[in-house]
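Rule-based calculations on the coordinates, nothing more; no lab input. In this text, all values refer to a predicted model and were calculated from it rather than measured experimentally. Because the Cβ atoms are built from the backbone with ideal geometry, glycine has one as well, and the counts that use them run over all protein chains shown.
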Amino acid sequence: MKHLLVLLFLCVPGSAALVLGEDEKKEDAKTPETLSGRPLDISNLARLPYRQLIKIAQSDGGSKPDAEMYKLRIKSQNPKVESEDIELFLNLKEGPMVVVVNDQGFLEIPHNKELLEANPELVANQPRGTLNIFVDIEVPKVSPPNIVDGKVKYQELFRPLVEIQNEMRKVDPTFGLGGQQFVLEIETGEEPIKITRTLGARTFRPNSRGKVYMIMEAYLYEENPDVEIPDDAKINVLPATPEEIEDIRSR
């Protein structure tokens, strides 16, 4: 039996990064401390207005606009920064409201009229532009590619990825237009994957964990060659950063 696992956290373009506003009144700023007591440079703090944060939380069409609490996930672009290293607070006039980040990077944001009117900033102890906020998006159920006798057409192999991307564009019309945001993770054990073309063949060998990562190439999708792949391969559609995609392409 072939399995398809979809793991997706949608990064909302243009609003997912916690960025320091240009109009910040530096003359009124004080050097804050993190929850652990370490001082921070106010000019380099990552931050995001509350209303913008709520827009991200509500970007999932399945979310309730009147929910009292929204669950989000936060992740640093720096691989050395773990979830437990990220400290957050809503910068209220009466004092900071701590927002707890669990060991998986999840956080809960209260949603109410008072906070919307006050529109405090969510402030982090990380440098500006280094954090991404994600919201869980309900993705469509897609069937795995139809592999017959160890072969499948290229377009059929990438069909689940294309279907998911098309559904995501119903939520965000610009989704994926700036470049690929998904890759295929194919578990083959020790078996390679081979693409046979008129001009030759290309072989993808699994890494030490028995996995092959593939990005969708436009010229191959148009040509639609045969792909040799084990019948019992486990195929996952995963989100990927531009850096990860470029790394896969360069191999």
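Tabulated data for the structure shown
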| read-out | value |
| --- | --- |
| Placed amide H near Ala240: partners under 5 Å, 5+ positions off or other chain | Phe182, Val183 |
| Amide proton proximity set for Ala46, modelled H, under 5 Å, gap of 5+ | Ala124, Gln126, Arg128 |
| Residue order, fewest to most beta carbons within 10 Å, for Arg202, Arg251 | Arg251, Arg202 |
| Simple label model, 7 Å out from Cα along Cβ direction - Glu117 to Ser208, nm | 5.9 |
| Karplus-derived HN-Hα couplings along the stretch 69-81 (A = 6.51, B = -1.76, C = 1.60, θ = phi - 60°), whole Hz, x at Gly and Pro | 8, 10, 9, 10, 10, 10, 8, 7, 6, 8, x, 7, 8 |
| For the stretch 87-239: relative contact order, % (alpha-carbon pairs under 8 angstrom, 6 or more apart) | 22 |
| Gln58-Arg251 FRET efficiency (beta carbon distance; Förster radius 41 Å; 0.05 resolution) | 0.60 |
| In Hz, Karplus ³J(HN,Hα) per residue of the stretch 141-157 (6.51, -1.76, 1.60; θ = phi - 60°; x = Gly, Pro) | 7, 10, 7, x, x, 8, 9, 10, 6, x, 9, 7, 6, 4, 5, 5, 4 |
| J(HN,Hα) series, the stretch 210-217, from Karplus relation 6.51 cos²θ - 1.76 cosθ + 1.60, nearest Hz, glycine and proline x | x, 10, 10, 10, 10, 9, 7, 9 |
